[in-house]
Amino acid sequence: MSLTLKELGRLAGVHPSTVARVLNDDPRQRVSDEVRQRIVTLAREHGYQPNHIARSLRTKRSYVIGTIIPDIANPFFAVVFRGIEDKLAEYDYSVILANTDDDAEREARGISMMRGRQVDGLVLATARRDDPAIGELVEARFPFVLVNRDTDSLPAHAVVPADYDGAVTAVQYLASLGHRRIAHISGADGVSTGHLRRMGYLDAISRLELPHDPRLLVDGSFREPGGYAAMRQLLALEEPPTAVFAVNDLAAAGALRAIREAGLEVPRDLSLMGFNDLPTAMQTTPNLTSMHIPLHAMGVAAAERLLHVVLGDEVPREPVILPAELIPRESTGPAPTR
């Protein structure tokens, strides 16, 4: 028969509240490593099982966090979600996941559903630059954190990659290989990742005094079909680009398919690079040059920030911006002579 908190406290020589804080990984606990280990060992030896319902009634928390993502099929979000889940598990929190297919109405319904289930907070990967659903959460003072995407008005609530700087680095790298006609397959301008990578591309083209041809900036999408269609459009130009920077690795994969169908080779005829450095970047032939984002760390940071808010320890003052690192691989090379 499992012991009670009171009985565990008596065996450990501490107050039952100390036992509860240790076993619940309360970040506000102030006990020595020796006491903590003694409590954990006794709980394990005696098969102690915490009463989650009683704990929820006592603390007024559900110990559940809601996570909403735009595309469950995108491996990007699988890695980010794993980081969120790993960190929350350390605090004995469970996670509910909802997918929106990047639809604003589904996002609003998902948020409403999560709040109806009385989650303690939300991690949102679905934000748009102008997002009424986020404004409603602010007005209700409901705990949330934005991950990967942010809004124009709430950067302090975000854990995001260095989208703008990463795009600048990508263009500078392609230019260093001798490329002058550098194209960009962009994502939606209504979300921060698409907008900032587009702005980084345009500013880098200007600073490097490269030819500014509006036709080299093509609206694609964050998915493979969009990259494929955009690349076909670029290849149809009288003077196609010699290098293409895609908004992410999935769009780059679609572009690679279009290049092959046109009878061209990467990087002999055209250099190609993506963004995010998904595991699939090493599975393409040739391996894809990409801007690496620490996806698992981004999920961990988002969960940590939300826990601080939920537990009342800290109110975010500045966004967390994770660096984007250039990973050169086989898909980029010197500009071809034409």
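For the chain, a Gaussian network of Cα nodes joined below 10 Å ranks V145, V266, V315 by mean-square fluctuation, and the top entry is V315.
Multiplying the residue separation of D269 and Q37 by 0.36 nm and subtracting their alpha-carbon distance yields 77.3 nm.
Within the set of other residues whose C-beta is less than 9 Å from the C-beta of I259, count the net charge using Lys and Arg as +1 and Asp and Glu as -1.
-1
Near the amide H of T289, within less than 5 Å, lie the amide hydrogens of G274, R329, E330, S331, T332, all on another chain or at least 5 residues away, with H placed in the peptide plane.
Across segment 109-239 the C-alpha pair distances fall into 10 Å bins from zero in the proportions 12, 34, 28, 17, 9, 1 percent. With loop membership from DSSP and a limit of 16 other Cβ atoms within 10 Å, the longest segment of the chain without GluC sites (Glu not before Pro) is 91-208. Placing one identical point scatterer on every Cα of segment 93-147 and ignoring solvent, what is log10 I(q)/I(0) from the Debye formula at q = 0.20, 0.21, 0.28 Å⁻¹? Cα-only, vacuum Debye calculation for segment 93-147: -0.68, -0.76, -1.44. Taking the chain as a Gaussian network of alpha-carbon nodes connected by springs under 10 Å, the highest mean-square fluctuation of the residues L295, L137, L217 belongs to L137. Here the scattering of the chain is modelled by Debye summation over its C-alpha atoms, one equal scatterer each and no solvent; at q = 0.07 Å⁻¹ the log10 of I(q)/I(0) is -0.37. Between the beta carbons of L177 and H212, assuming R0 = 22 Å, the FRET efficiency works out to 0.70 to the nearest 0.05.
Which shape class, rounded, prolate or oblate, goes with segment 163-292 when its Cα gyration tensor gives a ≥ b ≥ c as root eigenvalues, a/c under 1.5 marks rounded, and past that a/b bigger than b/c marks prolate? It comes out rounded by the Cα gyration axes.
Summing +1 for each Lys or Arg and -1 for each Asp or Glu, what net charge is found among the other residues whose Cβ lies under 9 Å from the Cβ of R181?
Result for the neighbourhood of R181: -1.
The dipole here belongs to the chain: it is taken about the Cα centre, uses +1 on the Cβ of Lys and Arg and -1 on the Cβ of Asp and Glu, and is about 920 debye. GNM on the chain, alpha-carbon springs under 10 angstrom: the most fluctuating residue among L174, L210, L196 is L210.
Every read-out reported here was derived from the displayed coordinates using simple, explicitly stated rules and does not represent laboratory data. On a predicted model such as this, the values are computed, not experimentally measured, just so you know. A quick note on method: Cβ atoms are made from the backbone with ideal geometry, for glycine too, and the neighbour counts reach across all protein chains shown.
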